[in-house]
Every structure is written in C-alpha cells, then in structure tokens.
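These notes are about the structure you will find just below.
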Amino acid sequence: ALIDDGRLSGTAAYGYADRSEGRTMTAHTPVRAESITKSLTAWGIMRLVEATAVELDDPVNEHLQTWAVPPGDFDPSEVTIRRVLSHSAGLPAGFYPDQSPGGDSPALQEMLDGWNEAPAAVPETEPGASFTYSNPGFVLLEQLIEDVTQEDFGAFLTREVLEPLGMRRSTVAWSDTLAERLAMQYDLSGAPVSAQPYVVRGHGGLYSTAEDLGRFWAAGMDGGFGHPPGRGVLTAASVEKLYSPVISTDGFYALGADAAGLGHFIDRLDDGTPAVFHGGEGTGYLHMAYGVPEQGVGIVILTNSKRSWPFLGDVLGEWEATHGIEGVAISQTFGTATTVAYGVLALLSASIVWLLWSVGWGLWAGRRRFSPVAADRRWVRAAQALTAVGLTLLWWGLAAGLVGWLLPHMAPWFGRAIAVVAALLLVAALSPRNE
C-alpha cells in the first residue's frame, strides 16, 4: 500500500496467498499483522487518554482491576502506561504461543502470570532506565483496556479505532471464515505453516489487509481537504505524542530506529526529518509499515514468508529513492549487510582457491604427504585443524541462524563455502609439507 499527500494512493499485490491451491495474493487478502498491532493498541490507549479515563504517566496498577504487576525487585508503581507503550518499563521480551482453533483459551491474567512458559509481565530491569522490546507489555495494555472499559479488547478496538478509520476488513476476532481467507505462512525453509489464533491479541493479534493498514498509517498524517492527523479518532496532539521519542533503542532495534515512541519506532532521516514505522514478524509473516508524516508519504509491505527481510529492505530502498528520501535505516542496514556478506563470501572463495592450490598441488607434486601423525609442523597443523573446527562451530552454533534469518538467500552459499574451507584445512593439517 502506498501513501502520498497523506492519503492512501494505491495498492498492489504479487505472488501467492497459497501456492498449493494456486490462490493469488490480493490487496484484500488478510494476514496477521503481527506487531504492527502494537501501533493500533497504542491508538486505543490514546482514546482512553483523550477520554480522561487514564493518563500516560499513571502507574498501570492504578487501572488494572483483575490483575496487577506484583511487587518484586523493582517498584511496580514505576511501571507506567507511557513506559509500557515505549518498551521502557523494564518488562521482559518474549513470545506467546499460538492456540489451536479448538483449544481452550487461558484467561488473560494467566498469560500475564506466565502461562505455558510465556514470560510473566514483571519488571526484570529498572523501569524507565533502558529499552527492552516487550510483548508482555502490550498484553498488559490489552488487560488494562478491558479493565478500564469493562468490555472485550476486540470490541473496544473495533468501535474506537478500526471502524472510524474505515478498516472494515480488519479484526482481532478469529473465525473459520477468516482462517479460510488468510494468506498461508511460509517459514524459513519455505514450508507452509497454517496460521493459528494467538492466545492474546494486544501485541500482535490483528488480522488485516494491505489496504486497511495503508489507510491506518495514512491516518497519522495531514491528509489535506479537512482531514487532519488522527482523522477525528485522535487529535493531532495525541498523534504527535505517539510519534515523539521517549527512549533510545539499542541492540538489534538500533539498526533500524533511533528511538521508541508510543507504539511506534522513530527513525531520523539524514536531513533530520523524523520517520515513524513498525514491523511485524511471526512464524511465516514479515511486514513493514513506514512513513514520513512531515512529507505525507508512506508504504506498507505485507509478506507471507519468513524469508522476506532482504525483500523488505530492497522495496524500502526503492521507495526511498523514488521520493528522494535519504537515510532509511532499515534499507541501509540490509544494503550494508548484503555488501558485507558478499565480501565475506569472496574471502571464503579466495581461501578455497588458495587452499586447493596449496593442498591439491602440493599432494599431486609430492610437496605434501598424507601423514596424520607426523611430528613436523605440528603447531601449524594444529592451528589449521582448530580453525576448521572453530569455523564449523561458529557457523552452526551462531551464524547459520542469524544469516538464515536476515539473508536467507545467501545462507546456503555460506554453509557450502565454510564446509569446503573447513574440509581443506583439515586435509592440510593431515598432509604436512615435506621438509
């Protein structure tokens, strides 16, 4: 979905919603929005703020009635709504399990307590001190909304946010009809994985379409013709609060964002202009919603493949170039990662050529001999053997998963190159040169 002049300007769809059925993707094919849901949950909280039902700096325990952040290493009164929205409340990271369609759904309070190995919504670090991306935090906000409004989270979000913004194909309610229409997920291996409902919804349980999410992302911008930011659902001042930095990001998140706002990430472009975005990732979905409110432009990209990170980076880069924007951190990160990856592959390839010449030619010309127990050049041979083992352990213990996730199209080449280098190093270690 493309946004221009603060309005949804067009949608397009490519590829398959389900390869085995030959079902093609459309702009109206629903997918689970995953963590883009957090941005809509934030709009829901701001609706309560505007209704004076809550304030951003209130401790969440002031409004929770059926559950409470328990006492522990840190004062629960420091866990405020603003901090939870900005991932700075000290709450843990973590993921929640899917639920089988016919399975019993645990109470929301059980999930917050840490049901079935899910993380409990209890601070692990000092609230307000640092950034920790937290799914439990947004489940906590789901509970807060239900306790304050005395109604189901989905009913509240639909009435207060989805319907007023015209998101008629969006819902947090699972149904058999929805399941039949959902785009199939495809994992890192390319295998299909049928979507199941999340047990909890506030962190990633919205089902939506490219068109609807494009309309939502445009709603935070000035649409002209009397359509201000917020579109009457929120005031422009509330939208500005959502888009204002609260805390600097770190770790992996710092590669794409300078700061976290309220349910949104903030990326400073090269000229200092703020951009806002949020991604979504699940078993076999990868999405990105990105916009520059001051320029009234944005893009929403939804994919049903876990192998899509390089694709998202490429599309964002093309969109960036089209609008003359410079400094989209996500596209730069993946561009740099791809360049570095090709450089490492080139180095591995050069190592293979050199080792083939050194070992192969040496054995053929009689300059080396196969003698595993020979005493000469023992330290050199030990170093070669250890390097071979180290490369193999590094690849399979750490790098294979990381490269397979970020650059899946390159992972097989890395695996093959490292295997060949390791094998040649072992042959070299077992075949010392003749003195």
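The values are calculated or read from the model by the stated rules, or taken from the named source; none is laboratory data. Quick caveat: nothing in here was measured; it's all calculated off a predicted structure. Every residue, glycine as well, gets a Cβ built from its backbone with ideal geometry; the counts of neighbours run over all protein chains shown. Ligands, DNA and RNA are stripped out before the accessible areas are found, and what is left, the full protein with its side chains, is counted by its heavy atoms. Shrake-Rupley method; radii C 1.70, N 1.55, O 1.52, S 1.80 Å.
Annotations
- Shape of the range 120-245, Cα gyration tensor, a/c cut at 1.5: oblate
- In terms of its Cα atoms, the range 288-423 spans 71, 25, 23 Å along the principal axes, sorted from long to short.
- Of the chymotrypsin sites (Phe, Trp or Tyr not before Pro) found in the range 303-381, the ones in coil according to DSSP and having at most 12 other Cβ atoms within 10 Å of their Cβ are F370.
- As a fraction of the 1.4 Å probe accessible area of the range 1-105, surface on carbon and sulfur atoms comes out at 48 percent.
- Summing Lys and Arg as +1 and Asp and Glu as -1 over all other residues whose Cβ lies under 12 Å from the Cβ of E240 gives a net charge of -1.
- The Kirkwood radius of the range 318-371, taken over pairs of alpha-carbon atoms, gives through the Stokes-Einstein law at 37 °C and 0.692 mPa s a diffusion coefficient of 227 µm² s⁻¹.
- As a length-normalised measure over Cα pairs under 8 Å and 6 or more apart, the relative contact order of the range 1-138 settles at 20 percent.
- Separation of the Q109 and A254 label points, Cα + 7 Å toward Cβ, nm: 4.0
- Å² per residue, accessible surface of the range 19-112 at 1.4 Å: 41
- Principal-axis tilt of helix 135-149 within the chain, Cα atoms, nearest 10 degrees: 10
- The GluC sites (Glu not before Pro) found in the range 57-160 that occupy coil by DSSP, while having at most 13 further C-beta atoms within 10 Å, are E151.
- Rough spin-label spacing in nm, given labels placed 7 Å along Cα→Cβ, for T235 and D270: 3.8
- By the Stokes-Einstein formula, at 0.890 mPa s and 25 °C, the range 1-115 with its Kirkwood radius over alpha-carbon pairs has D equal to 136 µm²/s.
- With R₀ set to 30 Å, the beta-carbon distance separating S349 from A179 gives a calculated FRET efficiency near 0.05.
- Charge tally in the Cβ shell below 10 Å around G327, where Lys, Arg are +1 and Asp, Glu are -1, G327 excluded: -4
- Calculated diffusion of the range 1-43, Stokes-Einstein form, Kirkwood radius summed over Cα pairs, 37 °C and 0.692 mPa s, µm²/s: 262
- With a cut-off of 11 Å between beta carbons, the residues surrounding P136 carry a summed charge of -3, where Lys and Arg count +1 and Asp and Glu -1.
- Built amide H within the under 5 Å cut-off of Q185, gap 5+: V193, A195
- Amide H to amide H distances under 5 Å link S371 with S431, where only residues 5 or more positions off or on other chains count and H is placed in the peptide plane.
- Net lengthening on full extension, R367/A423 (0.36 nm per residue, minus Cα-Cα): 18.2 nm
- Debye-formula intensities of the chain, expressed as log10 I(q)/I(0) at q = 0.14 Å⁻¹, are -1.26 (one equal scatterer per alpha-carbon, no solvent).
- Reported value for the range 53-150: 93 Å³ per residue, from the convex hull of its C-alpha atoms.
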